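The values are calculated or read from the model by the stated rules, or taken from the named source; none is laboratory data. All figures in this text were calculated on a predicted structure; none of them were measured in a lab. Glycine also receives a Cβ, built like all others from the backbone with ideal geometry; neighbour counts cover every protein chain displayed. Each accessible area value is taken on the protein alone, full model and side chains, heavy atoms only, with ligands, DNA and RNA left out. Shrake-Rupley method; radii C 1.70, N 1.55, O 1.52, S 1.80 Å.
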Protein chains: 2
Amino acid sequence: MDTSTLRPNFESAFELLGKRWTGLIIRVMLSGKQRFSEIHVVIPSISDRMLTKRLKELQTMGIVQRRVYPEVPVRIEYELTEMGKSLAPVMDSVQQWATSWA
Amino acid sequence: MDTSTLRPNFESAFELLGKRWTGLIIRVMLSGKQRFSEIHVVIPSISDRMLTKRLKELQTMGIVQRRVYPEVPVRIEYELTEMGKSLAPVMDSVQQWATSWA
């Protein structure tokens, strides 16, 4: 099975997005390419281990892509794929709902 | 603390909606009042215990209200509150995203 882009359905989309930190990470990445440390600056309370884990899950789902630039020191950037970027309306609708009932 | 309507923010909204079955239950209830058995018919693979648990959580969050009609036998109905009904755009956006990448 090609796990590079697991087929989401309604339920699995929710399960993915509902994992702790995932929604926040995607929202941060909607503003463009990020290094690990840059994501961490915006979400200080997430551990390195958890951020690494969530980024790996998002790569497995085909939502995030990781690019390694062979520089010295090596540069690694994370970016949303088209599938990831198309989550923007979901993020907006959850934000609007949360704001209206906060 | 009045736990009848816990204040959602972006992250807690995702955590709530991401719990297994919750998204499906809310989507089913967007079509109107439901009895426990009616929800179960539409989501056959959920256990009674889990459906009971999720409905209780949704009541605690102020998303679902439970009405008991003192008939014989007693009639119990579950209905989305205004807060619950206003999740419709979130459900639609997740559905559209899942469908476009399925």
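Net charge in the neighbourhood of B:Val74 (other residues with Cβ under 13 Å of its Cβ; Lys, Arg +1, Asp, Glu -1) is +2. In this assembly, the B-A interface accounts for approximately 2900 Å² of buried accessible surface in total, computed with a 1.4 Å probe and without ligands, DNA or RNA.
Taking chain A as a Gaussian network of alpha-carbon nodes connected by springs under 10 Å, the highest mean-square fluctuation of the residues A:Pro44, A:Pro73, A:Pro89 belongs to A:Pro73. Annotation for segment A:1-91: trypsin sites (Lys or Arg not before Pro) lying in DSSP loop with at most 15 further Cβ atoms inside 10 Å of their Cβ are A:Arg20, A:Lys33, A:Arg35. Inter-copy label distances for B:Asp92: 1.2 nm (label point placed 7 Å from Cα along Cα→Cβ; shortest first).
Under 24 Å of direct C-alpha separation, and excluding same-chain neighbours fewer than eight residues apart, A:Lys19 reaches these lysines: A:Lys33, A:Lys53, A:Lys56, A:Lys85, B:Lys19, B:Lys53, B:Lys56, B:Lys85.
Closest approach to the axis carrying A onto B, counted by Cβ on chain A and given in whole Å with its residue, is A:Gly18, 0. Going toward the positive end of the dipole of chain B, with +1 on Lys and Arg Cβ and -1 on Asp and Glu Cβ, which of B:Phe36, B:Leu17, B:Met91 do you reach last? Of B:Phe36, B:Leu17, B:Met91, it is B:Phe36.
Taking only protein heavy atoms and a 1.4 Å probe, the accessible area of the protein assembly as shown is 56% carbon and sulfur.
Please label the shape of segment B:33-102 as rounded, prolate or oblate, based on the square roots a ≥ b ≥ c of the eigenvalues of the alpha-carbon gyration tensor (a/c under 1.5 means rounded; beyond that, a/b larger than b/c means prolate, else oblate). Prolate, since a/c reaches 1.5 and a/b exceeds b/c.
A label point on B:Lys53, set 7 Å along the Cα-to-Cβ line, lies at 1.9 nm from each of its counterparts in the other copies, closest listed first.
The other copies place their B:Pro73 label points at 6.6 nm from this one, listed shortest first, where each point is 7 Å from Cα along Cα→Cβ. Listed values for segment B:71-78 are Karplus-derived 3J(HN,Hα) couplings in whole Hz (6.51 cos²θ - 1.76 cosθ + 1.60, θ = phi - 60°), namely 9, 10, x, 4, 10, 10, 10, 10, and x replaces Gly and Pro. Note on the protein assembly as shown: helix-only mean residue ellipticity at 222 nm, from DSSP H runs of 4+ residues weighted -39500 (n - 2.57) and normalised by residue number, equals -15500 deg cm²/dmol. Residue ranking by accessible heavy-atom surface, 1.4 Å probe, largest first, among A:Glu79, B:Glu15, B:Glu82 comes out as B:Glu82, B:Glu15, A:Glu79.
Considering only C-alpha atoms, what is the centroid distance from segment B:29-67 to segment A:72-100, in Å? When both Cα centres are located, 30 Å separates them.
For chain A, the relative contact order works out to 30 percent when only alpha carbon pairs closer than 8 Å and six or more residues apart are counted.
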